[in-house]
Amino acid sequence: MPPPMDVPMRDSEYARENGSRRSMSPGVGRGERRDRDDGNQNPGNNLHVSGLARKVDMRDLEEAFSKVGRVQKASIMYDPHTRESRGFGFVTMESPEEAEAAIAALNGTDFMGRTLVIEKVVPLIFSFLG
């Protein structure tokens, strides 16, 4: 027996009646895992740098890491509202070997009054449990 007209249907009920699966995530069923496999896997040269002083800018970060190896890119994360540094950033070195050298040389060192913590970036894995 259909519900009275004044009671709205839930999205899942509407989808079931109309043969649509739009209410479910496309391509991922319950209990399946979706690994981020879009070609952006970390080859080992992307580094997460935390413990940055608020006054550190991208040039300072790039200069510090370029003493150890060739830097492709350095960036610092800023708060979108206050535009202050959030105290961490990312550095991409030219090769995984240079990234390892940067970790060995700079991790735990003092940089502009703060102790750096440097780690390789770990790719995200999305897990959907049902």
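The values are calculated or read from the model by the stated rules, or taken from the named source; none is laboratory data. This structure is a prediction, so every number in the text was calculated from the model and none was measured. Neighbour counts are summed over all protein chains in view; Cβ atoms, including those assigned to glycine, are modelled from backbone coordinates with ideal geometry. The area values use the complete protein model at the heavy-atom level, side chains included, leaving out ligands, DNA and RNA. Shrake-Rupley method; radii C 1.70, N 1.55, O 1.52, S 1.80 Å.
Details
- Eligible lysines near LYS120 by straight Cα distance, threshold 21 Å, same-chain separation 8 or greater: LYS67, LYS73
- Sequence ranges 87-100, 47-60, ranked by mean other-Cβ count within 10 angstrom, highest first: 87-100, 47-60
- Carbon/sulfur fraction of accessible area - region 42-130, other protein chains in place, 1.4 Å, %: 52
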